[in-house]
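These notes are about the structure you will find just below.
The values are calculated or read from the model by the stated rules, or taken from the named source; none is laboratory data. These numbers were taken from a predicted model, which means no experiment stands behind them. Cβ: placed from backbone, ideal geometry, glycine included. Neighbour counts: every protein chain shown. The accessibility values were calculated without ligands, DNA or RNA, using every heavy atom of the protein model including side chains. Shrake-Rupley method; radii C 1.70, N 1.55, O 1.52, S 1.80 Å.
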Amino acid sequence: MHNPEIEPQLTAPRGAAHGPEKAGILGRSFAVLEAIAASPVPLGVGDLIEQLDLPRATVYRLVDWFLSEGFLVREPARKRLVIGNRLSDLAYDALRAAVAVAPRRTLLEGLAREIGETCNIGTIDGNRIVYLDRVESATWPLRLDLKIGSRVPLHATGMGKLFLALAPQRQRRALLAAVELEPLTPATITDRDRLDRELEQIRDQGFALDDQEFLAGVVAIALPIVNRRGEIRAALAMQAPEARMNAAEAKRHLPLLRDAAERLARTFGAGAADLFDAPVAARR
């Protein structure tokens, strides 16, 4: 339900809130959104009240307004809170705006130029991967209809399988339960036991392959970009036509890709080396 009581404080500097009062409501608003966005599992209003130590009435009013505006939505079954499309769109618009001028764009262009193949950066959005940036190879025989903002499946892409493999166990179970193993090509993994074995191998080796599983005739290899705690926040992937680079040949580029992932991680305020060098148990 729309709550007009809180809207002027959140949406407009129309004179009603000034100084500490205005900063207080804005700070509480962002605290609620940050808590939900950062949580590996959906949160209830009670969780927010306890975690943020905010008054019950304040949290209910904020949540009510965020729901009415599409920044948050409730899970169909348990009615817990997750980020909504409007907040997702805002986050990716901000990332797209930043990536055009950020050092990571230069790094991605340099990597694509050095390897001679298409390179992209993506992250997870619900049960899909969204492209944050992409640099096409000048030597591709065809142009794919993939661009910044495109969403691709988890089970059939290198970046998607990487997120599935490296997610905390509880989150991985929830993601796998929500993913439909749709056969996109003859090579797509559609058996859950086989996918589990693939994810185990990815955790062991620290990278993921897409051997024509998403697009017939296209091979990809993906590596994680992690934060300071070694948690995956984005992924770096390279794509090439299978006629020019098969899955085994893609692995030859791992040193360049690992170096690029490390440098890209620094542009996210993170370091990737800890994940690459960590024991397998730590990556699980």
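In this label model, residue 216 and residue 85 are separated by 3.2 nm, measuring between points 7 Å along each Cα→Cβ vector.
What whole-number value in Å² describes the accessible area per residue of region 195-244 for a 1.4 Å probe? Present the calculation step by step, with values, prior to reporting the outcome.
Working: 1920 Å² over 50 residues.
It amounts to 38 Å² per residue over region 195-244.
With a Förster radius of 41 Å applied to the C-beta separation of residue 50 and residue 151, the computed FRET efficiency comes to 0.75.
Give the distance, in whole Å, between the Cα centre of region 216-257 and the Cα centre of region 118-187. Taking the Cα centre of region 118-187 as reference, the centre of region 216-257 is 12 Å away. Within straight-line reach of residue 251, meaning a Cα separation under 19 Å, sit the following aspartates and glutamates at least 8 residues removed in sequence or on another chain: 114, 117, 198, 200, 204, 210, 211, 213, 242, 259, 262, 277.
Along the Cα-to-Cβ line of residue 243, 7 Å from the Cα, sits a label point; which residues in region 102-137 have backbone N less than 19 Å from it? Of the residues in region 102-137, 116-118, 137 have backbone N under 19 Å from the label point off residue 243.
Between residue 171 and residue 77, what FRET efficiency comes out of the Förster formula 1/(1 + (r/R0)^6) with R0 = 25 Å and r the beta carbon distance, rounded to 0.05?
Step by step, r from the Cβ atoms, then E = 0.90.
Over all projection directions, the Cα-based convex hull of region 116-234 averages an area of 7.5 nm². In order along region 188-195, the Karplus-derived 3J(HN,Hα) couplings, from 6.51 cos²θ - 1.76 cosθ + 1.60 at θ = phi - 60°, round to 4, 6, 10, 9, 5, 5, 5, 5 Hz, and Gly and Pro are given as x. Scanning residues 5 or more positions from residue 234 or on other chains, those with amide H under 5 Å from its amide H are 225, with H placed 1.01 Å from N in the peptide plane.
Using a Förster distance of 35 angstrom, determine the FRET efficiency expected from the C-beta separation of residue 37 and residue 109, and round it to 0.05. So the FRET efficiency works out to roughly 0.75. Under a 5 Å amide H cut-off, with hydrogens placed 1.01 Å from N, residue 129 pairs with 152, 154 among residues at least 5 apart or on other chains. Proximity of backbone amide H atoms, modeled 1.01 Å from N, is registered between residue 218 and 212, 242 at under 5 Å, excluding neighbours fewer than 5 places apart on the same chain.
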